[in-house]
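Structure first, commentary second.
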Amino acid sequence: MKFIVYVSQAVSPFDTAELRQLLDRSRTRNTADGITGLLIYRYNDDYGRGNFLQVLEGPEERIEDVWQRIANDDRHHSVIVIEEGSSERRMFSDWSMGFKNVEDSDLRDFPGFADMGSDAFWRRAENNALPEAIDLLRSFYG
């Protein structure tokens with residue numbers, strides 16, 4: 001099982017309807033492709049930015065296919081892989097695409113992500129210095 005974790009910045013903020021549409025399409029396609037994972041969205045008021053953090057897991061060839069779609073999606077930019085690897089078992093086996101629209105309070109126990117969307121956050125992402133991404137994502141599962 002391959003997994004990939006990335007962060008990105010929305011071109012423009014996503015409203016509830018846009019998030020629902022994104023999730024509906026992702027869940028349908030992921031179910032057909034054997035992909036599971038979790039998507040986190042956070043709008044940072046201080047910077048006026050919508051940000052994504054996502055983990056995807058599944059068969060390597062399917063992850064490669066979905067990754068190409070994500071990397072070329074013009075609804076976001078600054079797509080940075082922060083972790084990838086393989087696992088014997090799925091971490092999010094019950095979710096074709098779990099979702100959490102997070103607030104500051106949801107991130108406060110994860111120092112690398114507490115300021116998600118800030119300039120300092122993006123500097124850490126670019127320097128591959130975002131610890132605990134999997135722990136953060138797992139905290140919303142279960």
What percent does the relative contact order of the chain come to when contacts are Cα pairs within less than 8 Å and at least six residues apart? 36 percent
Just to be sure I understand the curve: with the Debye formula and one point per C-alpha of the stretch 69-119, what is log10 I(q)/I(0) at q = 0.15, 0.25, 0.30 Å⁻¹? -0.70, -1.23, -1.10
Hey, can you grab everything whose amide H is under 5 Å from the amide H of Phe99? Only 5+ residues off in sequence or another chain; H modelled, so Pro and N-termini drop out. Leu39
Please check: in the Gaussian network model of the chain (C-alpha springs, under 10 Å), which one of Ile70, Ile82, Ile40 has the largest mean-square fluctuation. Ile70
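Quick check on the chain: helices-only [θ] at 222 nm, where DSSP H runs of length 4 and up contribute -39,500 (n - 2.57) each and the sum goes over total residues. Nearest 500, please.
Calculated at 222 nm, the ellipticity per residue is -10000 deg cm²/dmol.
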Of all chymotrypsin sites (Phe, Trp or Tyr not before Pro) in the stretch 86-117, which ones are in loop regions per DSSP and have a Cβ with at most 10 other Cβ atoms within 10 Å? none
How many nm separate the modelled label positions at Asn72 and Glu132, each set 7 Å beyond the Cα in the direction of the Cβ? 3.7 nm
Full-stretch length increase - Glu18, Asp104 - with 0.36 nm per residue and alpha-carbon distance subtracted: 28.8 nm
Unit charges on C-beta of K, R, D, E only; dipole of the chain, Debye: 280 debye
Express the carbon and sulfur contribution to the solvent-accessible surface of the chain as a percent, rounded to the nearest whole number, probe 1.4 angstrom. 42 percent
Per residue, how much accessible surface does the chain expose to a 1.4 Å probe? Answer in Å², no decimals. 53 Å²
Summing +1 per Lys or Arg and -1 per Asp or Glu among the other residues with Cβ less than 12 Å from Arg49's Cβ gives -3
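The values are calculated or read from the model by the stated rules, or taken from the named source; none is laboratory data. Remember, it's a predicted structure, so these values are computed and weren't measured experimentally. Positions of Cβ are backbone-derived with ideal geometry, glycine not excepted, and every protein chain shown enters the neighbour counts. To get the accessible areas, we keep the full protein, side chains included, count just its heavy atoms, and leave off ligands, DNA and RNA. Shrake-Rupley method; radii C 1.70, N 1.55, O 1.52, S 1.80 Å.
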